[in-house]
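Have a look at the structure below before the remarks.
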Amino acid sequence: MLNSILNQAQQKAVLTHDGPILVIAGAGTGKTRVLEHRTFELIKKGIDPKSILLLTFTRRAAAEMLARAARHDRRAQDVSGGTFHSFALATLQRYGKAVGLETFTVLDRGDSEELIGKIISDLRLGSKKYFPKKHTVLNILSKTINKDISVEQILEDEYPHLYEWAQAIELVGINAAKYKRQRNLLDFDDLLYYLHSILEENEMIRSKIHEKYHYIMVDEYQDTNKIQAKIVHQLANGSGNILVVGDEMQSIYRFRGAEFTNMIEFPRLFIKTQQIPLETNYRSTKEILNVANNVLDQVEGEGFKKHLTSDRSGQKPEYHQFKSSRKEAEWIAEKILSSSRNGESLDEIAVLFRAAYQSAPLEIELAARGIPFKKFGGIRFVETAHVKDVLAHLKVVVNHFDELAWRRILLLIDGIGEKSVENIMTRSDLSELKGQTLLEQSGYFKLRPLFELLMKINKEELTSSEKLSEIINYYKPILRSKYDDYPQREQDLDALIELSQPYEKDEDLLNDFALDPPDQSAMEITTADNEYVTLSTVHSAKGLEWGTVFVIQAQEGKFPIVRPESKQVDIEEERRLFYVAVTRAKKRLFITSSHGSMRGFYDSWYMSKMSRFVEPMIESKVVESNLLQESNPWKSPFSKNYSFGSSVSDIPEEDVDEF
DNA sequence: AAACACCCGATTTTT
DNA sequence: TCGGGTGTTT
Ligand SMILES: Nc1ncnc2c1ncn2[C@@H]1O[C@H](COP(=O)(O)OP(=O)(O)OP(=O)(O)O)[C@@H](O)[C@H]1O
């Protein structure tokens, strides 16, 4: 029976259950199917589903995989699955007491950045010219944890121009760690860090976990980082039954500390590793794989050269250039419309781009034609300011010591700024929400409504959504004075109440929102039942597939993103990203770019060129190309009246790109 | 001194 | 659309 759905290599991976296994799976070679059936086989054999641990890159991926396996056998629903971070959270909630972690709140990226910003200004580093921005500092400190190396080392490798700040940045890190520990706050990196140290230091907990999980599977292993690899090692040291799957060529999270060399390290870490390569692509046509293989050939150095093969054939991928992103968007919208009229399901169509903001023109064109779409990637609903404001009130009730949340809600009140917040923080007892001592002092009467709210919602018997309703009532006037576009935002808040319905405990709601933010905005939630076109960043499209794929904005500088500090390794990652993008397509692939004039002189020059990833495809004729007449930027229709003194208004308006 | 209002500029990717 | 920086108001 397996014969008809799995090839030899896949069957070997599915049927080998003991010992360490490394599955090297090229794009579209059926690794998802392997994980699905291996889970099923294990359960069929009588293995307790709870003793199977499936670690994936997103929670969505885990849920999907288990849902598929559950179609063969319902028990698959009970398999332990999730991301490294959600697994860490669950484990720490269960065993954290032993290491002094009682209840805690998880900080999302925004919260962590805010904290770093606060510490930078406390240390008066903000006033120094050239001190890096808070998000850069956070990135550096985060890599310290994820790659398990020193600040100095990171600076030397990736930010040589910031080397002089090594000690200051280290100090920020130390202070941030102290701050978080005192207030029971954990960020994403802390989750991994604490999990790792518990496994390392606490023998009792380690053996309990070893007893619990006998079969471990890790998906997307090429995008794990050092600390995750160590955790895998620790976990697998129990039963020794560990299977990891990955594809070096699809490693796209280096910026977050991922190291695809983990794939190479794995057989060294686990001596008796069986390696199983999957090489037949079942997803795409030959013509699409020619494009993918062209990208493979572009890779610098040796090692990644193995071509993908398939025996299905179809239409040749196309590359089209446009004079503006608006024209590009119009063309795609029309193309989607006609495909749909020809009977293609919108669910089988995706538009992929490098950065979330690049889909804006297309969103307008799709909306104008009434084509339903859903966008993945970019700023999420729960990361918008107004939703974070509301959630901060709930956080304060859950964890009275969450000073970051206190800060946020206090700053919303008229007449309260940084200094007042500092005063309030030092002068009041946070453990009681009454604010007694404060309210008696003159000047703080403005705080009365806030404390009344907090008292009101600090009750066990209220559900999370009831609490949120109260908060939103209090917050609405603030929202209206703060934002002109408040009607839309009020809708979002109603959606928030909907999203909170399933939760029993406030903590679970808050942690889930941090770890797995719902990624649809309110409007899209209401239309979610029907077919829709997917708009997604390439990162968020990882592991997925569609009949028709458009890869847009393929201009040099945009895809790949090239910045003055970009190194060869960065470009190589961009190239892998492009590879991931084109390998999502099953039948039809369109690559597009727009070459409108940009406002900046420098940009304009860059923008006029096509992506360095596309050029070789034209040369080797693996794409059908439709180029603008004059490809030399200096002679293009827009630059003939372009001189140092000319203004943008010289250019016909419809061809001006505003992005 | 602290809070606020306004303008400018730039814009990766995410657990 | 957002955040940061600067100049103005309380
Ligand atoms: N043995 C097989 N025979 C026929 N089709 C298969 C086989 N294995 C997998 N497929 C199909 O091939 C496609 C790609 O499979 P899958 O999504 O598992 O690939 P993948 O390895 O996860 O790809 P990627 O790494 O690019 O995300 C799917 O549509 C799947 O149904």
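The values are calculated or read from the model by the stated rules, or taken from the named source; none is laboratory data. Bear in mind the structure is a predicted one, so any value in this text is a computation, not a measurement. Here the Cβ is made from the backbone with ideal geometry for all residues, glycine too, and neighbour counts use every protein chain on show.
Here are a few things to note about the model shown:
Residue-by-condition table, conditions (1) within 14 Å of DNA strand B (Cβ to nearest atom); (2) within 18 Å of A:A405 (Cα to Cα); (3) not assigned by the TED database to the domain that holds A:Q167:
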residue: A:D111; (1), (2), (3): yes, yes, no
residue: A:E114; (1), (2), (3): yes, yes, no
residue: A:I119; (1), (2), (3): no, yes, no
residue: A:Y130; (1), (2), (3): no, no, no
residue: A:K133; (1), (2), (3): yes, no, no
residue: A:S142; (1), (2), (3): yes, no, no
residue: A:K147; (1), (2), (3): yes, no, no
residue: A:Q153; (1), (2), (3): no, no, no
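- On inspection, A:S51 qualifies as farther than 24 Å from A:N225 by Cβ and of a type in the set (S, T, Y).
- Only a single criterion out of (1) modelled with pLDDT under 95; (2) surrounded by fewer than 15 Cβ atoms within 10 Å (Cβ to Cβ) is not satisfied by A:P267, namely (1).
- Elements of the type helices (runs of 4 or more DSSP H) sitting completely within region A:420-500 and holding at least 2 residues that are surrounded by 12 or more Cβ atoms within 10 Å (Cβ to Cβ), at pLDDT 85 or above and more than 14 Å from DNA strand B (Cβ to nearest atom): these cover A:448-457, A:464-482, A:486-500.
- Residue count, region A:542-567 (criterion: within 11 Å of DNA strand B (Cβ to nearest atom) and not in a loop (DSSP other than H, G, I, E, B)): 3
- Out of A:V245, A:V232, one residue alone is closer than 30 Å to A:I198 by Cα, modelled with pLDDT of 95 or more and touching a Lys or Arg at 6+ places or on another chain (Cβ under 7 Å). It is A:V245.
- Taken together, A:R59, A:R94, A:R71 contain a single residue that is farther than 28 Å from A:R256 by Cβ and at pLDDT below 95, which is A:R71.
- Leading residue by the ranking (nearest to DNA strand B (Cβ to nearest atom)) among those in region A:3-22 that are surrounded by 19 or more Cβ atoms within 10 Å (Cβ to Cβ) and not hydrophobic (A, V, I, L, M, F, W, C): A:P20
- Residue in region A:325-336 that is in a strand (DSSP E or B) and buried (at least 21 other Cβ atoms within 10 Å of the Cβ) present: no
- Residue in region A:153-176 that is in contact with a strand residue (DSSP E or B) (Cβ under 8 Å, 6 or more places away or on another chain) and in contact (Cβ under 8 Å) with a residue 60 or more places away in the chain present: no
- Any hit, region A:348-363, residues being surrounded by fewer than 18 Cβ atoms within 10 Å (Cβ to Cβ) and closer than 30 Å to A:Y474 by Cα: no
- Evaluation of A:G100 against the conditions (1) surrounded by 14 or more Cβ atoms within 10 Å (Cβ to Cβ); (2) within 26 Å of A:S86 (Cα to Cα); (3) over 22 Å from the mean Cα position of the chain (by Cα) shows that the sole unmet condition is (1).
- Yes/no for A:R326 being at pLDDT below 90 and within 16 Å of DNA strand B (Cβ to nearest atom): yes
- Residue that is farthest from the chain's Cα centre (by Cα) [pool: residues in region A:64-80 that are within 16 Å of the ligand (Cβ to nearest atom) and closer than 20 Å to A:H214 by Cα]: A:A69
- Annotation: of all residues in region A:368-418 being modelled with pLDDT of 85 or more and of a type in the set (G, A, S), the one that is nearest to the chain's Cα centre (by Cα) is A:A385.
- If only residues of region A:125-150 that are of a type outside the set (S, T, N, Q) and out of contact with any helix residue (DSSP H, G or I) (no Cβ under 7 Å at 6 or more places or on another chain) are counted, the one that is modelled with the highest pLDDT is A:I149.
- Only strands (runs of 3 or more DSSP E) whose full extent lies in region A:195-309 are considered here, and the ones with at least 3 residues that are β-branched (V, I, T) are A:242-246.
For every residue, the table says whether it meets (1) touching a Gly at 6+ places or on another chain (Cβ under 8 Å); (2) touching a residue at least 60 places away in the same chain (Cβ under 8 Å); (3) surrounded by 22 or more Cβ atoms within 10 Å (Cβ to Cβ).
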site	(1), (2), (3)
A:Q182	no, yes, no
A:I205	no, yes, no
A:K208	no, yes, no
A:E211	yes, no, no
A:S251	no, yes, yes
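- Considering the conditions (1) touching a strand residue (DSSP E or B) at 6+ places or on another chain (Cβ under 6 Å); (2) buried (at least 22 other Cβ atoms within 10 Å of the Cβ); (3) not in a helix (DSSP H, G or I), A:L53 is excluded by exactly one of them, (2).
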